[in-house]
1. For segment 30-58, how many residues are surrounded by 19 or more Cβ atoms within 10 Å (Cβ to Cβ) and within 13 Å of the chain's Cα centre (by Cα)?
2. Among all residue pairs at least 6 apart or on different chains, which show Cβ distances below 9 Å where the first residue, located in segment 48-60, is over 13 Å from Leu111 (Cα atoms) and the second is outside any strand (DSSP E or B) and among the acidic types (Asp, Glu)?
3. From the list Glu87, Glu101, Glu122, Glu107, which residue is at pLDDT below 90 and either at positive phi or loosely packed, with under 10 Cβ neighbours inside 10 Å (or both)?
4. What are the pairs with Cβ atoms under 8 angstrom where one residue, in segment 125-139, is closer than 20 Å to Ser150 by Cβ and surrounded by 13 or more Cβ atoms within 10 Å (Cβ to Cβ) and the other, located anywhere, is at pLDDT 90 or above and of a type in the set (Phe, Trp, Tyr)? Sequence gap at least six, or different chains.
5. Condition test on Cys131, is it more than 30 Å from Tyr19 (Cα to Cα), touching a Lys or Arg at 6+ places or on another chain (Cβ under 6 Å), modelled with pLDDT of 90 or more and not basic (Lys, Arg)?
6. For segment 1-25, how many residues are free of Cβ contacts under 8 Å to residues at least 40 places away in the same chain and outside any strand (DSSP E or B)?
7. When segment 62-84 is examined, which residues are found to be at pLDDT 90 or above, of a type outside the set (Ser, Thr, Tyr) and part of a strand (DSSP E or B)?
8. Just to verify a result, which residue in segment 140-180, among those that are surrounded by 12 or more Cβ atoms within 10 Å (Cβ to Cβ) and among the hydroxyl-bearing types (Ser, Thr, Tyr), is modelled with the highest pLDDT?
Amino acid sequence: MLFNVLQLIREPSGASRVYELGEELLLTDGAEPRRVHGTVKLLGTDRGIWVSAALDTDAWVSCSRCLVEYSQAIHITVEEETLPLGEPVGADLKESDDTGEILRIDENHILDLTGAVSQYAELSVPMKPVCRPDCKGICPRCGASLNESSCECDMVVRDSRWGELLDLLDPTETIEERSN
């Protein structure tokens, strides 16, 4: 995602450019490129350029319930100011951008948003993705997918404080049922 911003920097503050995107990007190391599409708006400021982007893509994630990998649609919103490479960063920001946290316009007036979009994409993935709302997950005992079949595991919760007395019960019977 490279943008030549030389003209925009030369224009007065408030000048803007809007770009429609639809390109393949490598969002994470070792993964296959993903299609990213949306709108990027660049607005000239007195110090640099304000970037506003609304992008859509998808990411391969594992369902937090059944562990199946699936493609999750994600929406990325970027709102950041970029500064030319020679511009001082300021007291409120780090003096060094070695970590890649500060977007910079290089000496050739090229703004590269690839790294920022990749970071925002990672932040946009849900913490506990679910493949579908009615996902039943896996059996905690045998690991069978409950979406595909039901398992025959004993799911009765037993209180271990009862110790060997629990062995006297029928496996499907609970203490409350026995007392009635």
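1. 2
2. Partner pairs satisfying both residue conditions: Ala59/Glu122; Trp60/Glu32.
3. Numbers: Glu87 fails: either at positive phi or loosely packed, with under 10 Cβ neighbours inside 10 Å (or both); Glu101 fails: either at positive phi or loosely packed, with under 10 Cβ neighbours inside 10 Å (or both); Glu122 fails: either at positive phi or loosely packed, with under 10 Cβ neighbours inside 10 Å (or both).
Unique residue meeting the criteria: Glu107.
4. Taking only residues 6 or more apart or on different chains, the pairs are Cys131/Tyr70.
5. Numbers: more than 30 Å from Tyr19 (Cα to Cα): yes; touching a Lys or Arg at 6+ places or on another chain (Cβ under 6 Å): no; modelled with pLDDT of 90 or more: yes; not basic (Lys, Arg): yes.
For Cys131, the condition - more than 30 Å from Tyr19 (Cα to Cα), touching a Lys or Arg at 6+ places or on another chain (Cβ under 6 Å), modelled with pLDDT of 90 or more and not basic (Lys, Arg) - is not met.
6. Of the residues in segment 1-25, 7 are free of Cβ contacts under 8 Å to residues at least 40 places away in the same chain and outside any strand (DSSP E or B).
7. Glu69, Gln72, Ala73, Ile74, His75, Ile76, Val78, Glu79, Glu80, Glu81, listed by residue number.
8. The qualifying residue modelled with the highest pLDDT is Ser145.
The values are calculated or read from the model by the stated rules, or taken from the named source; none is laboratory data. The structure presented is a predicted model; accordingly, all values stated were derived computationally and were not measured. All Cβ positions, even for glycine, are placed from backbone atoms using ideal geometry, and neighbour counts span all protein chains on display.
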